[in-house]
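First the structure, in the form of structure tokens, and then the observations on it.
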Amino acid sequence: MSAMRPKQENLIVVLDIGSAWTRVLAADVNENVPRYRGHGEVESAGMRKGLIAELGAAAKCVRAANEKAERVARANIDECVVGVGGPHIRGLNTSGGFQLARGMREITREDVRTAVDRARAIERPADREILHLLPREFILDDQRGIFDPVGMVGAKLEVELHIATCSGSALQSTVTCANRAGIEVSEAVLESLAAAECTLSGDERELGVCLLDIGMHSSDLVVFFEGAVVFTASVPIGGAHFTNDLAIGLHLPVAQAEELKRQYGNAVVTAVPQLAEVEITNGDGARATLLLRTIAEILEPRARELMHYVRESLRYGEVYDALGAGCVLTGGGSLLPGMLDVTESQLRVPARAGLPVRLPHMPEELNHPAWAVSIGMVLYAHRTRMKRATEDHSLRARLRDLFAASY
């Protein structure tokens with residue numbers, strides 16, 4: 001590392017180790033606004049079904065992506081926020097609370113922590129790691145729908161809580177991978193939550209919306225209702241399943257099947273002209289003519305199966321009827337033409353594509369659903385950093401007032 005690249009305190013760096021791509025994105029914060037600073041992207045290695053299978057190969061990719069980001073950002077990167085997603089994600093709703101001592105009094109931040117601690121004190125398997133504790137609502141003396149009770153007066157405080165968990169070993173593998181590449185991990189963020197951060201509007205979160213992040217081997221979903229997270233899950237189908245179906249159905253190498261999917265794929269057979277065709281080279285080297293509808297006939301059943309899984313997952317979480325604003329698709333797998341139509345017909349709600357918001361100075365190539373998780377992680381990390389700073393400041397102010405009052 002050269003001396004001309006000092007570490008910078010206002011830098012936010014995020015790491016997304018995906019099945020297809022490993023991405024590092026750096027942003028600096030000026031006037032409370034995160035701005036694009038640099039990024040690096042390399043093809044992933046050492047991954048199997050969305051999980052790290054070979055630490056050495058995966059760490060090499062992280063190091064390569066990070067070095068690219070360092071060159072563009074002109075800064076040393078030795079700390080990051082990592083994304084966590086995949087089929088091991090589980091969410092559950094719980095509640096807890098307590099009666100305040102000495103009757104009616106003002107609710108403090110410490111009281112909120114106590115209520116959350118009571119709600120989180122549930123038995124869970126030894127290998128489950130808590131990623132996020134997300135309050136759905138607070139209840140003060142039976143008054144529901146309170147978002148932040150600090151400063152209010154009451155005698156009994158309760159909280160409805162959503163807990164997002166992941167496999168402890170999967171999380172540890174991600175952290176170890178980053179460490180081997182010379183980067184410390186400061187925080188882990190649920191990838192679907194990050195993607196929601198930069199694709200959903202406030203109105204959608206209030207009315208009820210499902211954000212579906214379609215990755216390579218799985219699709220992660222998060223549901224918001226009345227502004228809060230009420231459900232998180234993962235379904236075991238992603239873009240690679242569509243590609244493999246084509247490779248098997250057409251007897252083609254996987255790389256060629258992926259290219260066909262990208263160029264000519266559609267998840268709705270009737271959207272493809274009946275006689276449209278393309279010339280391809282078979283696995284044995286012979287030239288052949290292929291009807292484009294044949295490609296769609298292979299892809300449509302898989303798209304319907306994905307949305308069937310999503311629908312059943314939403315029903316299991318008892319949130320299927322809470323999608324007043326519909327479903328938002330993001331991630332690289334969401335780009336297949338016809339996916340929005342299949343979503344609307346299977347879920348019976350409106351669907352739209354989820355493009356990430358643009359960071360200032362961000363290059364055009366990042367204005368893509370595949371970058372939603374990385375951009376969302378930057379925004380999430382910035383928001384949590386600001387929240388902590390505000391809480392620290394208010395705590396210092398209260399302590400100052402306390403000491404002033406004692407003299």
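The values are calculated or read from the model by the stated rules, or taken from the named source; none is laboratory data. Keep in mind that this is a model prediction, so the values were computed, not measured. So basically every Cβ, Gly included, is an ideal-geometry build from the backbone, and we count neighbours across all protein chains shown.
A few comments on the model shown:
- Listed by first and then second residue, the pairs linking a residue in segment 157-173 that is under 19 Å from GLY97 (Cα atoms) to a residue that is among the basic types (Lys, Arg) and at pLDDT below 95, with Cβ atoms under 7 Å apart and 6 or more places separating them unless they lie on different chains, are GLU160/ARG136; LEU161/ARG120; LEU161/ARG136; HIS162/ARG136; ILE163/ARG120.
- Residues located in segment 226-249, provided they are among the polar types (S, T, N, Q) and either part of a loop (DSSP other than H, G, I, E, B) or more than 21 Å from CYS327 (Cβ to Cβ) (or both): THR243, ASN244
- Restricting the search to helices (runs of 4 or more DSSP H) fully inside segment 119-222 and requiring at least 1 residues that are surrounded by fewer than 18 Cβ atoms within 10 Å (Cβ to Cβ) gives 168-180, 202-207.
- In the condition set (1) of a type in the set (Lys, Arg); (2) closer than 24 Å to LEU190 by Cβ; (3) at pLDDT below 95, ARG5 is compliant with all but (2).
- Screening segment 260-317 for residues that are part of a strand (DSSP E or B) and polar (S, T, N, Q) and picking the one that is surrounded by the fewest Cβ atoms within 10 Å (Cβ to Cβ) gives THR289.
- Scan of segment 338-358 for residues that are surrounded by fewer than 21 Cβ atoms within 10 Å (Cβ to Cβ) and within 19 Å of the chain's Cα centre (by Cα), ordered by number: ARG352, ALA353, LEU355, VAL357, ARG358
- Single match in LEU314, LEU359, LEU366 (criterion: among the aliphatic types (A, V, I, L, M) and out of contact with any Phe, Trp or Tyr (no Cβ under 6 Å at 6 or more places or on another chain)): LEU366
- Within the set MET362, MET386, the sole residue that is of a type outside the set (Asp, Glu), in a helix (DSSP H, G or I) and in the same structural domain as CYS80 (by TED's automatic domain parsing) turns out to be MET386.
- Some residue of segment 258-265 being more than 28 Å from ARG315 (Cβ to Cβ), among the aliphatic types (A, V, I, L, M) and out of contact with any Gly (no Cβ under 7 Å at 6 or more places or on another chain): yes
- Residue within segment 245-258 that is closer than 30 Å to PHE138 by Cα and outside the structural domain of PRO135 (by TED's automatic domain parsing) present: no
- MET104, sole failed condition from (1) out of contact with any helix residue (DSSP H, G or I) (no Cβ under 8 Å at 6 or more places or on another chain); (2) under 17 Å from ASN179 (Cβ atoms): (2)
- Being crowded, with 20+ Cβ neighbours inside 10 Å and over 21 Å from the mean Cα position of the chain (by Cα) is a property that ILE12 lacks.
- The set of residues in segment 317-348 being among the acidic types (Asp, Glu) and at positive phi consists of GLU318 alone.
A quick yes/no check of all residues on (1) closer than 30 Å to ALA126 by Cα; (2) assigned by TED's automatic domain parsing to the domain that holds SER186; (3) at pLDDT below 95:
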| residue | (1), (2), (3) |
| --- | --- |
| ASN10 | no, yes, yes |
| VAL14 | yes, yes, no |
| THR22 | yes, yes, no |
| VAL29 | no, yes, yes |
| GLU41 | no, yes, no |
| SER44 | yes, yes, yes |
| GLY56 | yes, yes, yes |
| VAL81 | yes, yes, no |
| GLY86 | yes, yes, yes |
